[in-house]
Structures are given as C-alpha cells and as structure tokens.
Amino acid sequence: MNPRDDIPRLVRELRSRTGLTQEKFAAKLGVTFPTINRWENGRARPSPLAMEKIEALLRSMGDRCSDLLVEIFGDEPV
C-alpha cells in the first residue's frame, strides 16, 4: 500500500504529536475544522497545497516527526 493512502492515520498522528485539537490543527494549516475531521475519517484527502503545509510542519518538528516524514514523503529532514 502506498503510504500516502494512509492520510487519516498521518493526520491523526501528526495532530497527536503536536498536541493540538482538530480546531487548532486546522488553524495551523489554514483549513477548517470540518476539513481536518474529513481527512481523519478518510472522507477527503488534503489538497496538494495542504500536503505541502503538512510536509513543512513535519520538517519543522525535526526528530519528533522524522519517521512520518520518511514514511509519507520518502525523504529525510533537512
């Protein structure tokens, strides 16, 4: 299975590691709460722009999220 197919788990895990509610996580990414909810429940997928923001957030978190960065984007943090 393509790791990008597991977006619901990625979003939940990243949100958990940041310690943010769905509402606060949505604000951080510039989307709405229902959008995060749909991503986490597998009813929608992040747009390419949202995926760029998710990748930037993962990179900014360094070692705490390097495993997710490798798993989803296939590269090491810079």
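The values are calculated or read from the model by the stated rules, or taken from the named source; none is laboratory data. Values in this document were obtained by computation on a predicted structure and should not be read as measured data. A quick note on method: Cβ atoms are made from the backbone with ideal geometry, for glycine too, and the neighbour counts reach across all protein chains shown. Calculation scope for accessible area: heavy atoms of the full protein, side chains included, ligands and nucleic acids excluded. Shrake-Rupley method; radii C 1.70, N 1.55, O 1.52, S 1.80 Å.
Of the GluC sites (Glu not before Pro) found in segment 4-59, none is in coil by DSSP with at most 14 other Cβ atoms within 10 Å of its Cβ. Using a Gaussian network model of the chain whose springs link C-alpha atoms within less than 10 Å, name the residue from LEU29, LEU49, LEU20 with the highest mean-square fluctuation. Residue with maximal mean-square fluctuation among LEU29, LEU49, LEU20: LEU49. Per atom type, the chain shows carbon and sulfur on 51% of its accessible surface, probed at 1.4 Å. Per residue, the solvent-accessible area of the chain (1.4 Å probe, heavy atoms of protein chains only, all protein chains present) comes to 58 Å².
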